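Undergrad: Pasting a structure here, questions to come.
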Amino acid sequence: MPIETLDLDELADRTGNLYETVAILAKRSRQVASDTRSELDDKLSYFEGFGPEMEDARMQEEQAKVSLEYEKEPEPTITAIDEFLDDKIYYRTPDE
């Protein structure tokens, strides 16, 4: 995973407060991670119903492919930052 530097001033300018930006990104990152985890669980639940058939190499291969597919996806934090920079995240303050 390559390290990419971010302009913190740009992030802070969007909300007016760097800590508020970090809170928004953390919340969105948790949402993305939760969605991804539930999708993976749904796909892997398909393999739970099989008993002795799971010992078959093809079934284990398919299950491994599903897991590897999700490991190749970008980290939830990166997804949240990209969405924030592209103005795809809706946020508001409780005062509004």
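The values are calculated or read from the model by the stated rules, or taken from the named source; none is laboratory data. For clarity, every value in this text was computed on a predicted model and none was experimentally measured. Cβ sites come from the backbone with ideal geometry, for glycine too, and all protein chains shown count toward neighbours.
Undergrad: Within region 28-54, restricting attention to residues that are surrounded by 13 or more Cβ atoms within 10 Å (Cβ to Cβ) and of a type in the set (Lys, Arg), which residue is modelled with the lowest pLDDT?
TA: Looking at residues that are surrounded by 13 or more Cβ atoms within 10 Å (Cβ to Cβ) and of a type in the set (Lys, Arg), I get Lys43.
Undergrad: Moving to a separate point now. Which members of region 75-96 meet the condition of being exposed (fewer than 12 other Cβ atoms within 10 Å of the Cβ), closer than 16 Å to Val32 by Cβ and touching a helix residue (DSSP H, G or I) at 6+ places or on another chain (Cβ under 9 Å)?
TA: Matches in region 75-96: Lys88 only.
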